[in-house]
Amino acid sequence: MTSFNYSSHPQEILFGAGSLSRLPEMIRKFGWQKVMLITSRSMRENGRLQQVHKMLGGHLEAIVDNVQPHVQDTQLQPILAVAEESDADVVIGMGGGSAVGMAKAVVSALRKEDRYVSVAAIPVTYAGSEMTPVYGVTHTRETPPRKVTVNDPAIVPRLVIYDPELTLDLPADVTASTGINAFAHCVEALYSRTKNPLSSAAAVDGIRHIHASLLDCVQDGRNLSARSEMLLGAHLAGLSLASVSMGLHHGLCHVLGGTASVPHGVANAIVLPHVIRFNADATYEELLPAARVMGISETGLSPIGVTRAMADGVSAWVGKMRLPQRLREVGVQESDLPNLAEIAFQSKTVQNNPKPIAESGQLLSLLSAMW
């Protein structure tokens, strides 16, 4: 690495069991007067919404608790109208990546109207959106639908509260899929075309924490120690991806989510081993530290062979968590693959891959191997 660019964003991070209790203190610290809360029905069902409602008291101006996956354009407009009516000066996303992503999309739209509004995040999964300047909106009115990502430094959450206690009732399948998503953030950050020393250091340490704790969290969701380690890994994963560009892996996952409605975490579980193998000859130097952290044996293997063994290790790990490993298992038809390959080939994210993608046929072969 002979040169790099690095941009950081002003954020206050609170991490630790019970840290949600400091939310009222932080509202006062930032001087926020009117709060809008965006979350999902599961947060109402498990009592988290009521807990936060009580904490915010008279500051809470509006609640949206029905966020759908993939930040859909049809839902963004009515939620934006609620935000405008509430005159909120901060929008809090509480829940998974979709809740935080919707908060970011809403604030981005408000800022275009010359309104200064902050984003805050209370993540309860391992999606990582709370650390990045990126959000995606699925354009459902297009045929076929497609997910469009936007990079806007102004919507990086100003406050992030990581409370491992909020993850104790996260279902095993969501734990596994969003955990693999976090792991994939680290992998792609390591070989990103715009990697930098901080992103690489965070990525390797994130892989260490995630690989050591994710399976334990899936097997025993009430294990607070494992949940804490996993949430720390997810934070490092989001940090590693925040200052670098994405490539083939995330580009394919966005296409599968926006066009084929594959849940994002599940798409990560299916795609990741195949992309590691595809990129192995171009990225083995960057991925060797990750393979070593995972305990992949290097005996008798070339560096490229070690990277391919890492892909096999990831595949076996995913299998232990009983996540889908084939596109056919999540409703993708074999006849869909050529169209998905063409859409992916047009993606700027896919084209930003460290190993060049010269034709859509390469992507069709890759998707066929996943099917």
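Some values worked out for this structure:
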item	result
Inter-residue pairs, beta-carbon under 8 Å, first aromatic (Phe, Trp, Tyr) and in region 328-345, second outside any helix (DSSP H, G or I) and open to solvent by 60 Å² or more (accessible area, probe 1.4 Å), 6+ apart	Phe345/Glu359
Any hit, region 159-172, residues being among the aromatic types (Phe, Trp, Tyr) and more than 16 Å from the chain's Cα centre (by Cα)	no
Some residue of region 184-193 being under 26 Å from Gly305 (Cα atoms), charged (D, E, K, R) and not in a helix (DSSP H, G or I)	yes
Subset of region 26-50 (residues that are of a type outside the set (A, V, I, L, M), part of a helix (DSSP H, G or I) and modelled with pLDDT under 95)	Arg41, Ser42, Arg44, Glu45, Arg48, Gln50
Residue within region 134-148 that is more than 14 Å from the chain's Cα centre (by Cα) and among the hydrophobic types (A, V, I, L, M, F, W, C) present	yes
Check on Ala260, open to solvent by less than 20 Å² (accessible area, probe 1.4 Å) and on the phi < 0 side of the Ramachandran plot	no
Set Leu231, Leu248: member being closer than 26 Å to Leu327 by Cα, open to solvent by less than 20 Å² (accessible area, probe 1.4 Å) and modelled with pLDDT of 95 or more	Leu248
Flag for Ala154 being of a type in the set (Gly, Ala, Ser), more than 12 Å from the chain's Cα centre (by Cα), surrounded by 24 or more Cβ atoms within 10 Å (Cβ to Cβ) and not in a strand (DSSP E or B)	no
Number of positions in region 224-256 that are of a type outside the set (Gly, Ala, Ser) and in a loop (DSSP other than H, G, I, E, B)	2
Residue that is nearest to Val134 (Cα to Cα), among those in region 9-60 that are in contact with a His (Cβ under 9 Å, 6 or more places away or on another chain) and open to solvent by 50 Å² or more (accessible area, probe 1.4 Å)	Ile13
Criterion: touching a His at 6+ places or on another chain (Cβ under 8 Å), touching a residue at least 40 places away in the same chain (Cβ under 8 Å) and charged (D, E, K, R) - qualifying residue of Arg141, Arg146, Arg111	Arg146
Test: residue in region 210-223 that is under 15 Å from the mean Cα position of the chain (by Cα) and either in contact (Cβ under 8 Å) with a residue 40 or more places away in the chain or assigned to a helix (DSSP H, G or I) (or both)	yes
Residue among Leu337, Leu287, Leu272 that alone is crowded, with 23+ Cβ neighbours inside 10 Å and over 23 Å from Asp216 (Cβ atoms)	Leu287
Residue within region 72-91 that is under 25 Å from Asp169 (Cβ atoms) and in contact (Cβ under 8 Å) with a residue 60 or more places away in the chain present	no
Long-range neighbours under 6 Å by Cβ, at least six apart or interchain, first residue more than 9 Å from Gly93 (Cα to Cα) within region 29-45, second open to solvent by less than 40 Å² (accessible area, probe 1.4 Å) and part of a helix (DSSP H, G or I)	Val35/Leu56; Ser40/Ala99; Met43/Leu49
Residue within region 72-92 that is open to solvent by 10 Å² or more (accessible area, probe 1.4 Å), within 19 Å of the chain's Cα centre (by Cα), closer than 26 Å to Gly16 by Cβ and not charged (D, E, K, R) present	no
Residue check, Glu188 open to solvent by less than 50 Å² (accessible area, probe 1.4 Å) and within 18 Å of Leu248 (Cα to Cα)	yes
Among the residues listed as Lys104, Lys147, Lys112, the single one being of a type in the set (Lys, Arg) and closer than 22 Å to Leu23 by Cα	Lys104
Scan of region 194-225 for residues that are open to solvent by 50 Å² or more (accessible area, probe 1.4 Å), closer than 23 Å to Thr307 by Cβ and of a type in the set (Gly, Ala, Ser), ordered by number	Ala201, Ala212
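Each row is one residue, and each column tells you yes or no for (1) at pLDDT below 95; (2) closer than 18 Å to Ser365 by Cβ.
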{"position": "Gly257", "(1), (2)": "yes, no"}
{"position": "Ala260", "(1), (2)": "yes, yes"}
{"position": "Gly265", "(1), (2)": "yes, no"}
{"position": "His274", "(1), (2)": "no, yes"}
{"position": "Thr283", "(1), (2)": "no, no"}
{"position": "Ser297", "(1), (2)": "yes, no"}
{"position": "Gly300", "(1), (2)": "yes, no"}
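Condition check ((1) modelled with pLDDT under 95; (2) in a strand (DSSP E or B); (3) in contact with a helix residue (DSSP H, G or I) (Cβ under 9 Å, 6 or more places away or on another chain)) across all residues:
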| residue | (1), (2), (3) |
| --- | --- |
| Gln75 | yes, no, yes |
| Val91 | no, yes, yes |
| Val100 | no, no, yes |
| Leu110 | yes, no, yes |
| Tyr126 | no, no, yes |
| Arg141 | yes, no, yes |
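The values are calculated or read from the model by the stated rules, or taken from the named source; none is laboratory data. On a predicted model such as this, the values are computed, not experimentally measured, just so you know. Cβ: placed from backbone, ideal geometry, glycine included. Neighbour counts: every protein chain shown. Side chains are part of the model used for accessible areas, which takes the heavy atoms of the whole protein and leaves out ligands, DNA and RNA. Shrake-Rupley method; radii C 1.70, N 1.55, O 1.52, S 1.80 Å.
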